[in-house]
Amino acid sequence: AAVNLYPPGLPPLPPASDAAGAAALLPSTAPVTFHIYAPQANEKPLRYLQSWLMAQSHFWKGQYEEAADLLLETLRLLPRSVPTPQRVDQDLFSAYTNSQLGFIAGGVEGNWPAARDFYGAALRQNPDDPIAAVGLAAALAQTGQPAEAQRLLLEALRQHPDTWQIHVALGQLGLQQGDSEGGLAAYDRAIALLDANDPIQKRTLADIYFD
């Protein structure tokens, strides 16, 4: 089954000292399509999808506590056995769900060890996702592993050189580690890539200038 998600725009962000980083951890507001597996042997094969759709409604309104409960329920209800042809698509769906949980755990609740676990799961499920890499790097930096965070970001940058979230994360990490020159240079590269017409990017652009 194909499921289309149309995020309504920038959700409310929690007040935080790393506001630019928080916006960079959000999923894109661009429409996204998931191809999900519905095991016909189950009495309610798409029960997990119901929970996930309800979670999206809460998440994009900034109702993060309600969203987290439903996202966790989604993961609990996922089919345990998925045929090989559907596995990649199902992993992409799971990765998106784990990234949202990582954002809530770290960016909203400040529980960075939990965020590290969620983002780590997301990156294993979708190794090509730069947002999961940025989220995991943020969690690593917040849990005392800045060198590993930088390594992860530079590795992601080689695969996605025009992804503004990576440059924002490198800028923030550089400034946190006392590398003002490197941090500001990364912010400059992010600014050159940011689109002020996109609500998340517009918020990030403003936050960079006030960082």
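The values are calculated or read from the model by the stated rules, or taken from the named source; none is laboratory data. As the structure is a computational prediction, the values presented were derived from the model and not from experiment. A quick note on method: Cβ atoms are made from the backbone with ideal geometry, for glycine too, and the neighbour counts reach across all protein chains shown. In case anyone asks, the SASA skips ligands and DNA or RNA and just uses the protein heavy atoms, side chains included. Shrake-Rupley method; radii C 1.70, N 1.55, O 1.52, S 1.80 Å.
Under 10 Å, Cα contacts only: if you run a Gaussian network model on the chain, which one of Ala38, Ala115, Ala24 comes out with the highest mean-square fluctuation?
Between Ala38, Ala115, Ala24, it is Ala38 that shows the largest mean-square fluctuation.
Note down the net charge around Leu72, summing +1 for each Lys or Arg and -1 for each Asp or Glu among other residues with Cβ under 15 Å from its Cβ.
Every neighbour counted, the sum reads -4.
So what's the gap between the Cα centers of the range 42-63 and the range 134-178, to the nearest angstrom?
31
DSSP loop trypsin sites (Lys or Arg not before Pro) in the range 38-94 with at most 15 other Cβ atoms within 10 Å of their Cβ, which ones?
The qualifying sites are Lys61, Arg80.
First select every other residue whose beta carbon is under 11 angstrom from the beta carbon of Gln159; then total the charges, Lys and Arg +1, Asp and Glu -1.
-3
So how much accessible area does Glu155 have, in Å² to the nearest 10, using a 1.4 Å probe?
80
Given all pairs of different Cα atoms, what value in angstroms does the Kirkwood hydrodynamic radius of the range 20-96 take?
13.6
To two decimal places, what compactness ratio does the range 45-190 give when its Cα radius of gyration is scaled by 2.2 N^0.38 Å?
Numbers: Rg = 16.2 Å, N = 146, 2.2 N^0.38 = 14.6 Å.
Compactness ratio reported: 1.11.
Tell me, in nm to one decimal, what length is gained between Val32 and Tyr209 on full extension, where the rule is 0.36 nm per residue of separation less the Cα-Cα distance?
60.7 nm
Starting from the Kirkwood radius over alpha-carbon pairs of the range 87-135, derive D by Stokes-Einstein at 20 °C in a medium of 1.002 mPa s and give it in µm² s⁻¹. Don't skip to the answer; put the middle values down first.
Values: Rh = 10.1 Å.
The Stokes-Einstein estimate is 211 µm²/s.
Restricting to DSSP H runs of at least four residues, report the calculated mean residue ellipticity at 222 nm for the chain, -39500 (n - 2.57) per run over all residues, nearest 500 deg cm²/dmol.
One gets -20000 deg cm²/dmol as the mean residue ellipticity at 222 nm.
Which net charge results when you count Lys and Arg as +1 and Asp and Glu as -1 among the other residues whose beta-carbon is under 15 Å from that of Thr29?
+1
With contacts defined as alpha carbon pairs under 8 Å and 6 or more residues apart, what's the relative contact order of the range 1-125 in percent?
Relative contact order, the range 1-125: 25 percent.
Could you tell me the relative contact order of the chain? Use alpha-carbon pairs under 8 Å, at least six residues apart, and round to a whole percent.
Relative contact order comes out at 21 percent.
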